[in-house]
Amino acid sequence: MLFNSYIFLLFAGIVLPIFFAVPRRYRNHYLLLVSYLFYGYWDWRFCGLLAFSTVSDFFLGQWLHDAKTDRRRKNFLWTSIAINIGVLFSFKYFNFFIDSFQEIITPLGGNLDFLHLSIILPVGISFYTFQTMSYTIDVYRRNLTPTRSIIDFGLFVAFFPQLVAGPIEKAKNLLPQIINKPTPTKLQIREGITLIGIGFFKKVMIGDTTGRFVDRVFGEMEAFGSGELLTALVLFSIQIYADFSGYSSIARGLAKLLGIELIRNFEQPYLSASISEFWRRWHISLGAWIKDYIYIPLGGNRKGELRTYVNLMITMVLIGLWHGASWTFVVYGLLNGIYLVVHRYVLNGSKIAGRYAYKGVKSFLFFIVSVVFTNILVMITRIFFRSPTFADAAYFVERIVQWESSPIASDLVMMSIAFAVMTFALDAIEYYTQRHDYILQIKHRAVRYGILTSLFFVVLVYMFQYEPLPFIYFQF
Amino acid sequence: MKYVKFVSIFILTVAAMMVLLEAYIRWGRIESTLNTDVDPTIGRVRKANAQYIYYNEGVSIGKFNEYGYIGPAYHPQKPSGALRIALLGDSYTEGLYMAEEQHFRSLLEEKLQRNYPEKEIQLLNFGRSGFDLSDMYAYEKNFVVQFHPDLVLYVINPFDFIQRNTDPLVPYWYVEDDSLKLNMNFTQGQAHRTYQMMKGVLQQSALLQMTKNAYNLAKSEQASSIILDKLASKEDELSHFKQNYRIKDITQQEVSRRIITQLAARQDVIIVNRDSKQWPEEIRQWASIDSARFIDLGPLFAQLHETGHDTHYWKSTNQTGHWNVKTQQHVTTYLLSKLQPILQQNQRVLTDRGGVITKARASR
């Protein structure tokens, strides 16, 4: 069920109070049951695959840990990776590769249609398979002792706040917390409610409101003018950020209400002064996973400049592919890889700048120009991210280049400004306070309550009137 | 004292937040303010220069013109030599589900202008979502007539013959002493008093308009499916439609019979069937179906369906709704082909420089 739906509010309204009533030693059992109910709401068949992933990695983790020889340990590790990649490949990538091969062999008279699978992509599969793989890899690296409790491990995999769209948690962060069965503190409850309020506002009042325009335009581009297309691209950049960061805030907030701390997934990425900085602030959990389990094992930046560039390209293409089984996502990854390589080349050994600190008007202006430039680069990649096919992406570019004015130009400009200002204002507050629950920084309780009440009110009113849009990252 | 201070600060904070959120909602075109008014001589009308934002199967963002309809703001006083055609109909005609420039009103006006370059062609869109035939007729009598159209197109379907009276703030027709009469007492009921009370605020605040819309939904039968999603009983979801869209016996609609009979007798009226189905025999007789001033879109839709075109499917939202963009183009071309002979027959409409209808109107 979607977080931004009344059925979920009803679900949380029942689940959370019962959580506090359940004896501590049974809380993980309860949360596991609740997590499977949550997941099964989409489609009960998905629970079977989730359970299979859980059981296989639970036992493989133990056998891996208990294995006496390095060879056996490696075998168990590769078995786990093969199972997880195999599940991911079958459900997500199989048809993509069949279709791609089909395009090659069709001119030669070949036909692979019979191999095409009629298959539904289970929600969250890219997230929980990566999460379970991190478990077995960390056990293999002896960074983690495997748990002997299938309930605890099952909850680590299926923990409902982050099951379907992350953050992708490392086992060494999440599993110990689950094993300890924490009780949320009063501070966590305050932080949790605040994060949920801010997250809902971002998801519903920025993500959904921009998304309904974006979806209509990208869904039938030929029916819209150049102004609408460019506005849709700008709004999509805003939508995907508000949607995902809003969801992540809700997930973190819910987890805090259950006494669990999840990692931050975004750190004001649209205030990045370079593409390298952007990728350190955007979907942090995925970036960390790819860095720890792909980039560094490939050699990272330790094997010379040329090899570093190759490693960057490989990891970015894999990030692209992770998002979707489509050549547009491969191009998305390639473009970002090229950006990173060029930036690294330009840096020429210098360090990537950290958080901006004000050093005068000139440096501030330079910062603004860098931020705008970085956002333009990112927006270009979004053309491929959002367009269903290459032809659509090419058509989009053609319509922008051959500009035709729109009769609702002033409306489009106002929309873009309103959403951009709101997004940047919230990020600027986060940037300045270095907190996501910045409302708690306000001294007066009445002011804090007033702000949160207003945010919840407008979100609930909007949600009642308009059909909720699913989280964009659910499709991944 | 502490408690009073707490509550005061809380209320002030909420008020300040509402102002900020109001600005955001308006600038972001998330919701519009109340964009209707109630004119004592017409009933509920579109508010002049009011913004509208509608996300249905498509998206429609714009402003009603200074006279309270969609499209170019043609002055009630028709320019000398212009050919003015008024469109009356329901949501299909009004078009608050797509861009105005892609709607058949705009496309048809453009095509007619190209075909008759010596004449200024004006198509005025007086369509209103939710209107039935009796609403359209009242609207024509009280409002459209002020614009002196040369031709009036009624774009309707069989369902429009059922007098629904869903809006308490528009006049309604009734039969008394064997004649058709118009009840204009809509300003005297509770609905009008409530409207007057709320209108000042709702016309200024998009946030309050959004709240009112949500409140209306919460009172409706759709509330359970909004809250319970797929756990709501299917019966709840369907009953709303069954109740409101059950087709009664159309032949019992005496008001509609009288209206369509009068319209069919007028030389300045063209009746357009916007449905793919044929009308019931009785209505076909009332509306003088074989008359030259009846345009049936049914054959067009049959042809489109045969070629595999889904006239109501919107790819952008994967929804079925009103005519999609391609269908608007087909409807335009078809209407043009049917209108041209009618216009040719009525040469004085085309050549009359005074722009005044010369054929006698049927008595009302």
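None of the figures in this text is laboratory data; all of them are computed from the coordinates on show. Being a predicted model, the structure only gives us computed values, none of them experimental. Glycine also receives a Cβ, built like all others from the backbone with ideal geometry; neighbour counts cover every protein chain displayed.
Tabulated values for the structure
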| item | result |
| --- | --- |
| Cα-derived Rg to Rh of segment A:367-410, Kirkwood definition | 1.08 |
| Segment B:1-122 - Debye-derived log10 I(q)/I(0), Cα point model, q = 0.09, 0.16, 0.22 Å⁻¹ | -0.41, -0.91, -1.31 |
| Radius of gyration and Dmax over the Cα atoms of segment A:1-56, both given in Å | 12.5, 35 |
| Principal axis dimensions, largest first and in whole angstrom, of segment B:12-56 by Cα | 43, 27, 17 |
| Degrees, to the nearest 10: B:104-115 long Cα axis against longest axis of chain B | 40 degrees |
| Residue-by-residue Karplus 3J(HN,Hα) for segment A:222-229, coefficients 6.51, -1.76, 1.60, Hz, glycine and proline x | 5, 8, 10, x, 4, x, 5, 5 |
| Calculated FRET value between A:L187 and B:L20, using beta carbons and R₀ = 25 Å, to 0.05 | 0.35 |
| J(HN,Hα) series, segment A:102-111, from Karplus relation 6.51 cos²θ - 1.76 cosθ + 1.60, nearest Hz, glycine and proline x | 4, 5, 7, 8, 4, x, 8, x, x, 8 |
| A:R435/A:F59 FRET efficiency (R0 35 Å; Cβ-Cβ; nearest 0.05) | 0.30 |
| Positive-end residue, chain A charge dipole about Cα centroid, Cβ charges, pick of A:S274, A:F153, A:A242 | A:F153 |
| Long-range HN-HN contacts of A:H444 with modeled amide H, under 5 Å | none |
| Taking the convex hull of Cα positions in the protein assembly as shown, its mean projected area over all directions (nm²) | 44.1 nm² |
| Peptide A:444-456 - average C-beta neighbours from other chains (10 Å radius) | 5 |
| Distance in nm between pseudo-label sites at B:T261 and A:E404 (7 Å out along the Cβ direction from Cα) | 4.8 nm |
| Inter-chain shielding of B:26-35 (mean C-beta neighbours from other protein chains, 10 Å cut-off) | 5 |
| Rg to Rh, two decimals, where chain A supplies the alpha carbon set and Rh follows Kirkwood | 0.96 |
| Within the protein assembly as shown: Cβ-based charge dipole about Cα centre, in debye rounded to nearest 20 (Lys, Arg +1; Asp, Glu -1) | 3520 debye |
| Separation in nanometres of the label points that stand 7 Å from Cα toward Cβ, at B:I9 and B:I289 | 7.4 nm |
| Sequence-distant residues sharing a close amide H with B:Q319 (under 5 Å, placed H) | B:W314 |
| 0 to 90° range, to nearest 10: angle between helix B:190-202 axis and chain B longest Cα axis | 70 degrees |
| At 1.567 mPa s and 4 °C, Stokes D of segment A:86-152 from Kirkwood alpha-carbon radius, µm² per second | 88 µm²/s |
| Estimated vicinal HN-Hα couplings, Hz - segment A:333-338 in sequence order (Karplus 6.51, -1.76, 1.60; Gly, Pro = x) | x, 4, 4, 5, x, 4 |
| Fluctuation leader among B:K277, B:K47, B:K315 - chain B, Gaussian network, Cα springs under 10 angstrom | B:K315 |
| Taking the C-alpha atoms of chain B, convex hull volume expressed per residue in Å³ | 175 Å³ |
| Under-5 Å amide H pairs with B:L153, H placed in peptide plane, nonlocal only | B:A86, B:L87, B:L88, B:I270 |
| Value of [θ]222 nm, deg cm²/dmol, for the protein assembly as shown, DSSP H segments ≥ 4, -39500 (n - 2.57) each, nearest 500 | -18000 deg cm²/dmol |
| Cα gyration tensor category, rounded, prolate or oblate, for segment A:341-416 with a/c compared to 1.5 | oblate |
| Chain B, dipole about Cα centre (Lys/Arg Cβ +1, Asp/Glu Cβ -1), debye to the nearest 20 | 780 debye |
| Rounded if a/c under 1.5, otherwise prolate or oblate - segment A:297-397, Cα gyration tensor axes | oblate |
